[in-house]
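Notes follow once the structure below has been shown.
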Amino acid sequence: EAGVAQSPRYKIIEKRQSVAFWCNPISGHATLYWYQQILGQGPKLLIQFQNNGVVDDSQLPKDRFSAERLKGVDSTLKIQPAKLEDSAVYLCASSSTGVYQETQYFGPGTRLLVL
Amino acid sequence: AQSVAQPEDQVNVAEGNPLTVKCTYSVSGNPYLFWYVQYPNRGLQFLLKYITGDNLVKGSYGFEAEFNKSQTSFHLKKPSALVSDSALYFCAVRDMGHTDKLIFGTGTRLQVFP
């Protein structure tokens, strides 16, 4: 079974530019998560989707970050404009139903460097 | 609020020796606990989870973890370490609110020396 796919793997931009990340979850997985992992820290949830609806976006900086999952499959996370502190690895994960005992499977991540 | 703590930034062990990576948790109610491993420039790979049942959980690559309710711990163990086990290990607990997000510890770097 194919895993969670993410692209691009690496991105370097200058501050105030915009950037977008793409995620394709494991086939059939209804729940999709975006986590931000800053160097030296554990991942922190930015947003969670159940199908194409948002479950939690309380930690998403909505003045600059946006995310969508229009058809309940692929998802895009956008940053506009980027700040230096947005430099991090952005991890996408999926699980089949989103219940507590389900395992979340992670993609390889997108490493963003903002100069 | 749910949380986990990984008290060691780094653990060093010789190849062939047993290894332990420590994790303690703080939850209200029954915990759902997970261990993930992260290799350089890779995402997180699932190792094992505790939901309910046996306190000793077996996972991938020969790893196991012991759930101890009285000590609120969920330590990751392996009887014989390999150099290839060198990586960053994260303990996580499932949030039990309206979201089921994972709440991660700060990670422990495991270094296995030949």
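The values are calculated or read from the model by the stated rules, or taken from the named source; none is laboratory data. These figures come from a predicted structure and were not determined experimentally. Neighbour counts are summed over all protein chains in view; Cβ atoms, including those assigned to glycine, are modelled from backbone coordinates with ideal geometry. Quick note on the areas: whole protein, heavy atoms, side chains included, nothing else; ligands and nucleic acids left out. Shrake-Rupley method; radii C 1.70, N 1.55, O 1.52, S 1.80 Å.
Points worth noting:
So that you can scan it fast, the table gives a plain yes or no per residue for (1) open to solvent by 10 Å² or more (accessible area, probe 1.4 Å); (2) within 14 Å of chain B (Cβ to nearest Cβ); (3) over 13 Å from the mean Cα position of the chain (by Cα):
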{"position": "A:3", "(1), (2), (3)": "yes, yes, yes"}
{"position": "A:7", "(1), (2), (3)": "yes, yes, no"}
{"position": "A:14", "(1), (2), (3)": "yes, no, yes"}
{"position": "A:20", "(1), (2), (3)": "yes, no, no"}
{"position": "A:40", "(1), (2), (3)": "yes, yes, yes"}
{"position": "A:49", "(1), (2), (3)": "no, yes, no"}
{"position": "A:69", "(1), (2), (3)": "no, no, no"}
{"position": "A:76", "(1), (2), (3)": "yes, no, no"}
{"position": "A:90", "(1), (2), (3)": "no, yes, no"}
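- Considering A:77, A:60, A:45, the condition of being of a type outside the set (D, E, K, R), modelled with pLDDT of 95 or more and under 18 Å from residue A:97 (Cβ atoms) is satisfied by A:45 alone.
- Here residue A:110 clears all of (1) in contact with a Leu (Cβ under 9 Å, 6 or more places away or on another chain); (2) touching a residue at least 40 places away in the same chain (Cβ under 8 Å); (3) surrounded by fewer than 22 Cβ atoms within 10 Å (Cβ to Cβ) except the condition numbered (3).
- Going through (1) open to solvent by less than 20 Å² (accessible area, probe 1.4 Å); (2) over 25 Å from residue A:39 (Cβ atoms); (3) in contact (Cβ under 8 Å) with a residue 40 or more places away in the chain one by one, residue B:96 falls short only on (1).
- Segment B:55-82 - residue that is open to solvent by less than 60 Å² (accessible area, probe 1.4 Å) and among the hydrophobic types (A, V, I, L, M, F, W, C) and, of those, farthest from the other protein chains (Cβ to nearest Cβ): B:81
- Qualifying positions in segment B:39-54 - within 14 Å of chain A (Cβ to nearest Cβ) and open to solvent by 60 Å² or more (accessible area, probe 1.4 Å): B:40, B:41, B:42, B:49, B:52
- Once segment A:51-65 is narrowed to residues that are at the interface with another protein chain (Cβ under 10 Å from one of its Cβ atoms) and not β-branched (Val, Ile, Thr), the residue that is most open to solvent (accessible area, probe 1.4 Å) is A:59.
- Among the criteria (1) surrounded by fewer than 17 Cβ atoms within 10 Å (Cβ to Cβ); (2) of a type outside the set (Ser, Thr, Tyr); (3) within 18 Å of residue B:43 (Cα to Cα), the one residue A:24 does not fulfil is (1).
- Every test in (1) within 12 Å of the chain's Cα centre (by Cα); (2) of a type in the set (Ser, Thr, Tyr); (3) part of a loop (DSSP other than H, G, I, E, B) is passed by residue B:99 save one, and that test is (1).
- Enumeration of residues in segment B:94-111 that are within 17 Å of residue A:93 (Cα to Cα), more than 7 Å from chain A (Cβ to nearest Cβ) and not charged (D, E, K, R): B:103
- Within segment A:36-54, the set of residues being more than 27 Å from residue B:6 (Cβ to Cβ) and touching a strand residue (DSSP E or B) at 6+ places or on another chain (Cβ under 7 Å) comprises A:49, A:50, A:54.
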